[in-house]
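The next block holds one structure in the form of structure tokens; read it before the comments.
The values are calculated or read from the model by the stated rules, or taken from the named source; none is laboratory data. Quick caveat, the model's predicted, so the values are computed rather than measured. Counting neighbours? That spans all protein chains shown, and the Cβs are built from the backbone with ideal geometry, glycine included.
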Amino acid sequence: MREFLLRLQQHAKEKHAPHAYFGALGGAGFLVLSIIFIVGGFELGVGSPRRLGTGAFPVITGFILALLSMGVIAADLRDTTDAEKPDWISFVAIGGALAVFALTVGRIGLVPGIFLTTITASLPDPSLRFPGKLGLAALVSLACWGLFIGLIGLPFDAFMRLN
Amino acid sequence: MDILYSFGNGLLVALEPANLLYCFVGVFLGTFIGVLPGIGSMAAISMILPLTFYLEPTSALVMIAGVYYGAEYGGSIASILMNIPGTPSSSITCIDGYPMARDGRAGIALFASAIASFGGGIMGMIVMAILAPALAQLALNFGPTEYFAVILLGLVAASAVSNGSPIKGIAMVAAGLMFGTVGVDITTGAERFTMGVPELRDGVHLVIVAMGLFGVGELIVSIRANAKGEHDNEIDYANFYPSKAEWKAMVAPIFRGSGIGSFFGALPGTGQTVASAVAYAIEKKVSPNRAKFGKGAIEGVAVPEAANNSATQTAFIPTLTLGVPGSASMALVIGALMMYGIVPGPRLLVDHADLFWGLVASFLIGNVLLLILNIPLIGLWVKLLKIPYRYMYPTIIVLICVGVYSLNNNVFDVWLTLVFGWAGYLMRLFRFEPAPFLIGFVLGPMMEEQLRRAMLLSRGDATVFLTRPISGTLIVITALLLVYAFYSAMRQRRAGQNSPSTPEA
């Protein structure tokens with residue numbers, strides 16, 4: 001731990017954090033997840049060796065993952081390589097595009113939903129100007145209308161139902 | 001001789017103009033639908049099923065089969081070009097197919113996929129023709145202990161899919177196994193980790209996991225890479241044809257993949273995804289080019305494609321000879337047959353020999369059609385990559401959204417894809433590879449089911465896994481594989497420590 005804190009101080013002013021922090025964070029995430037499954041598994045009941053309960057398999061896999069997570073944390077804390085710089089703008093924009101689709105497709109229909117999704121997804125790329133984004137959104141939404149509803153016949157509403 | 005005679009008769013049935021036409025229509029529609037991300041063979045068969053009600057049973061089955069393997073082939077096109085698995089079984093193809101496309105070798109990857117699919121399809125057809133009764137018998141002899149041991153071997157081999165540290169690979173497999181338990185427990189009916197969300201009662205759909213981890217996760221990474229010009233490949237459109245060395249490198253993996261795929265396809269409940277995952281993991285261990293796996297190895301495209309296509313053909317063995325569907329798509333095939341009053345089972349080969357052998361022969365014709373149809377189309381598919389990425393990635397996001405939404409017409413699936421997409425990006429950031437997670441997720445529910453059955457039958461005696469000859473042998477192989485994986489990782493680590501210029505792994 002001391003070594004980890006010393007390295008944290010040492011790299012605090014560097015442009016990229018060393019991978020140790022990210023790697024250990026990943027391992028810690030899995031450790032938390034495994035504890036959730038172990039606790040949940042015990043609550044469900046592990047049964048007996050002859051008749052394994054509903055929670056037995058999550059408990060077994062949870063324990064395996066917990067052990068492995070600790071191994072991952074220990075191994076990654078010794079990692080001295082640079083970490084990749086996260087791209088939070090794309091992270092939010094792509095997630096936002098999926099969220100926009102989920103929020104709009106049932107309310108205003110597939111075609112306008114796709115239109116808004118395309119615009120949201122294209123936001124992080126500055127090389128496409130806003131009129132271009134609008135044009136692309138119009139093209140993609142019309143093409144999807146023709147393909148998924150017109151040609152394949154998927155049971156989607158193209159536009160919001162008026163009634 | 002009997003087989004050849006029956007096959008000859010089947011060929012005459014399959015070559016009837018009407019059956020030939022329906023085979024072509026099925027293969028064409030299947031490929032087209034399979035290319036669309038998330039809309040896999042099951043959706044494709046569901047869409048085509050109402051049309052088959054007006055056909056003769058043999059024509060209907062030939063068309064459904066064409067749609068089925070056409071969709072499975074089409075799925076690999078999206079995997080290679082966009083890193084979005086068109087079908088669950090083609091998710092393994094992403095691992096090497098997409099890096100090949102990014103290296104400007106998309107045409108060769110698609111060609112390799114077409115050839116491997118053809119090879120796997122033909123091998124699957126031969127296996128079905130020759131070994132259908134014997135393989136069905138062998139599958140019947142597999143008890144829960146044997147199934148469990150096979151799956152365990154597959155999982156340990158799957159951790160070898162990871163190019164990073166084996167400990168992270170196995171951790172990802174374990175996490176996949178854990179997530180596979182979400183939903184209603186099929187034995188007791190109790191809900192597990194659903195948090196009261198009704199949509200989670202059936203568990204998380206594999207397509208959602210694959211689309212999120214591979215599709216969305218990769219897109220987030222690729223936007224900035226594109227802005228830096230890392231995706232501006234020099235694609236040689238004229239060069240789809242693999243070099244002599246690449247041909248040579250593909251032959252053995254196609255045979256191995258076809259063999260593994262034929263075996264797993266014939267086991268009820270396993271299917272193409274398991275077949276391609278296990279074939280890839282084994283190939284990664286035995287290939288002389290194993291260091292290049294995950295970075296664009298042609299063997300990494302050939303092996304899962306051969307395996308999933310051969311499994312697609314042999315999946316008909318338990319479906320038709322035992323009446324046991326190996327997958328949801330095969331359940332639809334059984335449903336279609338029953339609508340014609342044909343009951344699948346051991347009597348099918350006797351009572352409806354023309355249908356069975358007509359179908360087997362149609363595999364040959366269908367696979368030839370698939371090859372004829374798709375080799376000229378490679379240029380068209382590859383040209384998709386010429387579209388500037390700023391137009392491409394918003395379109396891919398839309399295709400992912402529509403593909404996921406079409407699974408159940410429920411936006412909850414889109415939200416879940418968002419969660420898995422973000423998780424996929426964070427995994428990459430933390431240097432965890434998503435592929436072993438996916439394999440654990442696929443195999444987990446089956447593994448749990450077989451474990452519980454085996455423990456129940458052995459009255460709680462866990463030594464049964466070692467005392468039964470087949471499972472005992474498989475478990476010893478698994479243990480050796482684990483020891484080998486950790487030994488090689490430690491050796492690499494020591495080599496890294498001895499070399500001052502090598503960064504710590």
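Go through segment B:57-107 residue by residue and tally those that are within 30 Å of B:Gly335 (Cβ to Cβ) and not in a loop (DSSP other than H, G, I, E, B). Walk me through it before giving the result.
Going residue by residue through segment B:57-107, those that are within 30 Å of B:Gly335 (Cβ to Cβ) are B:57-79, B:84-93.
Add one more test, that the residue is not in a loop (DSSP other than H, G, I, E, B), and what stays is B:57-79, B:88-93.
Of the residues in segment B:57-107, 29 are within 30 Å of B:Gly335 (Cβ to Cβ) and not in a loop (DSSP other than H, G, I, E, B).
In segment A:35-61, the residues that are closer than 17 Å to B:Ile186 by Cβ form Cβ pairs under 7 Å with partners that are in a loop (DSSP other than H, G, I, E, B) and among the charged types (D, E, K, R), at six or more places apart or across chains, as follows: A:Thr54/B:Asp185.
Report whether or not A:Phe30 is free of Cβ contacts under 8 Å to residues at least 24 places away in the same chain, at the interface with another protein chain (Cβ under 9 Å from one of its Cβ atoms) and not in a loop (DSSP other than H, G, I, E, B). Steps first, please.
Values: free of Cβ contacts under 8 Å to residues at least 24 places away in the same chain: no; at the interface with another protein chain (Cβ under 9 Å from one of its Cβ atoms): yes; not in a loop (DSSP other than H, G, I, E, B): yes.
Here the answer is no, as A:Phe30 does not meet what is asked.
Within segment B:407-422, the set of residues being under 22 Å from the mean Cα position of the chain (by Cα), within 24 Å of A:Gly23 (Cβ to Cβ) and facing chain A (nearest Cβ under 9 Å) comprises just one member, B:Gly421. Among the conditions (1) surrounded by 23 or more Cβ atoms within 10 Å (Cβ to Cβ); (2) under 24 Å from A:Ala20 (Cα atoms), A:Phe57 misses just one, which is (2).
If only residues of segment B:193-226 that are within 7 Å of chain A (Cβ to nearest Cβ) and surrounded by 22 or more Cβ atoms within 10 Å (Cβ to Cβ) are counted, the one that is nearest to the chain's Cα centre (by Cα) is B:Val216. Inspect segment A:122-138 for any residue being more than 7 Å from every other protein chain (Cβ to nearest Cβ), surrounded by 20 or more Cβ atoms within 10 Å (Cβ to Cβ), part of a helix (DSSP H, G or I) and not charged (D, E, K, R) and give the result as yes or no. Yes.
Note on segment A:83-102: residues that are facing chain B (nearest Cβ under 7 Å) and not acidic (Asp, Glu) amount to 10. Being within 9 Å of chain A (Cβ to nearest Cβ) and either in contact with a helix residue (DSSP H, G or I) (Cβ under 6 Å, 6 or more places away or on another chain) or under 30 Å from A:Ala20 (Cβ atoms) (or both) is a property that B:Leu474 lacks.
Could you please let me know if A:Thr117 is surrounded by fewer than 17 Cβ atoms within 10 Å (Cβ to Cβ), touching a residue at least 12 places away in the same chain (Cβ under 8 Å) and at the interface with chain B (Cβ under 7 Å from one of its Cβ atoms)?
Working: surrounded by fewer than 17 Cβ atoms within 10 Å (Cβ to Cβ): no; touching a residue at least 12 places away in the same chain (Cβ under 8 Å): yes; at the interface with chain B (Cβ under 7 Å from one of its Cβ atoms): yes.
No; evaluated as a whole, the condition is false for this residue.
Within this structure, B:Leu443 fails the test of being more than 14 Å from chain A (Cβ to nearest Cβ), in contact with a Gly (Cβ under 7 Å, 6 or more places away or on another chain), modelled with pLDDT under 80 and in a helix (DSSP H, G or I).
Quick check on my filter: what residues within segment A:151-163 are away from chain B (no Cβ under 13 Å) and at pLDDT 85 or above? Steps first, please.
Looking only at segment A:151-163, we keep the residues that are away from chain B (no Cβ under 13 Å), and these are A:159-163.
The answer is A:Phe159, and nothing else.
For residues that are at the interface with chain A (Cβ under 9 Å from one of its Cβ atoms) and over 24 Å from A:Leu110 (Cβ atoms), scanning just segment B:385-396, find the one that is surrounded by the most Cβ atoms within 10 Å (Cβ to Cβ). If you could, list the steps in order and put the result at the bottom.
Filtering segment B:385-396 down to residues at the interface with chain A (Cβ under 9 Å from one of its Cβ atoms) leaves B:388-391, B:393-396.
Cutting the leftovers down to over 24 Å from A:Leu110 (Cβ atoms) gives us B:388-389.
On the way: B:Pro388: 13, B:Tyr389: 21.
So the residue we want is B:Tyr389.
From the list B:Leu451, B:Leu399, B:Leu466, the one residue that fits, being part of a helix (DSSP H, G or I), within 11 Å of chain A (Cβ to nearest Cβ) and modelled with pLDDT of 90 or more, is B:Leu451.
Taking B:Thr87 as the residue in question, decide whether it is modelled with pLDDT of 85 or more, under 16 Å from the mean Cα position of the chain (by Cα) and β-branched (Val, Ile, Thr).
Working: modelled with pLDDT of 85 or more: no; under 16 Å from the mean Cα position of the chain (by Cα): yes; β-branched (Val, Ile, Thr): yes.
Judged against the criteria, B:Thr87 is not a match.
Hey, among the residues in segment A:43-78 that are in a helix (DSSP H, G or I) and polar (S, T, N, Q), which one's farthest from the chain's Cα centre (by Cα)? The extreme case among them is A:Thr61.
How many residues are assigned to a loop (DSSP other than H, G, I, E, B) and of a type outside the set (Ser, Thr, Tyr) if we restrict to segment B:247-303? Please lay out each step first, then the result.
Applying the first criterion (assigned to a loop (DSSP other than H, G, I, E, B)) to segment B:247-303 yields B:267-270, B:287-289, B:293-297.
Cutting the leftovers down to of a type outside the set (Ser, Thr, Tyr) gives us B:267-269, B:288-289, B:293-297.
Qualifying residue count for the region: 10.
Any idea which residue in segment A:139-150 is surrounded by the most Cβ atoms within 10 Å (Cβ to Cβ), counting only those that are in contact with a helix residue (DSSP H, G or I) (Cβ under 8 Å, 6 or more places away or on another chain) and either more than 7 Å from chain B (Cβ to nearest Cβ) or closer than 11 Å to A:Leu110 by Cβ (or both)?
So the first thing to find is which residues in segment A:139-150 are in contact with a helix residue (DSSP H, G or I) (Cβ under 8 Å, 6 or more places away or on another chain), and the list is A:140-142, A:144-145, A:148-149.
Those still in the list that are either more than 7 Å from chain B (Cβ to nearest Cβ) or closer than 11 Å to A:Leu110 by Cβ (or both) too: A:141-142, A:144-145, A:148-149.
Values: A:Ser141: 23, A:Leu142: 13, A:Cys144: 26, A:Trp145: 18, A:Phe148: 23, A:Ile149: 16.
Here the residue is A:Cys144.
When restricted to residues that are outside any helix (DSSP H, G or I) and within 18 Å of the chain's Cα centre (by Cα), segment A:79-105 contains 4.
For every residue, the table says whether it meets (1) closer than 17 Å to B:Ser89 by Cβ; (2) of a type outside the set (Lys, Arg); (3) at pLDDT below 75.
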{"residue": "B:Ala275", "(1), (2), (3)": "yes, yes, no"}
{"residue": "B:Ala279", "(1), (2), (3)": "yes, yes, no"}
{"residue": "B:Asn309", "(1), (2), (3)": "yes, yes, no"}
{"residue": "B:Pro325", "(1), (2), (3)": "yes, yes, yes"}
{"residue": "B:Ser329", "(1), (2), (3)": "yes, yes, yes"}
{"residue": "B:Val360", "(1), (2), (3)": "no, yes, no"}
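Looking only at segment A:117-135, residues that are in contact with a Phe, Trp or Tyr (Cβ under 8 Å, 6 or more places away or on another chain) and among the aliphatic types (A, V, I, L, M) come to 2 in all.
When B:Thr463 is tested against the conditions (1) within 19 Å of B:Ala171 (Cα to Cα); (2) surrounded by fewer than 18 Cβ atoms within 10 Å (Cβ to Cβ), the lone failure is (1).
When B:Phe432 is tested against (1) in a helix (DSSP H, G or I); (2) buried (at least 23 other Cβ atoms within 10 Å of the Cβ); (3) facing chain A (nearest Cβ under 8 Å); (4) not β-branched (Val, Ile, Thr), just one condition goes unmet, and that condition is (1).
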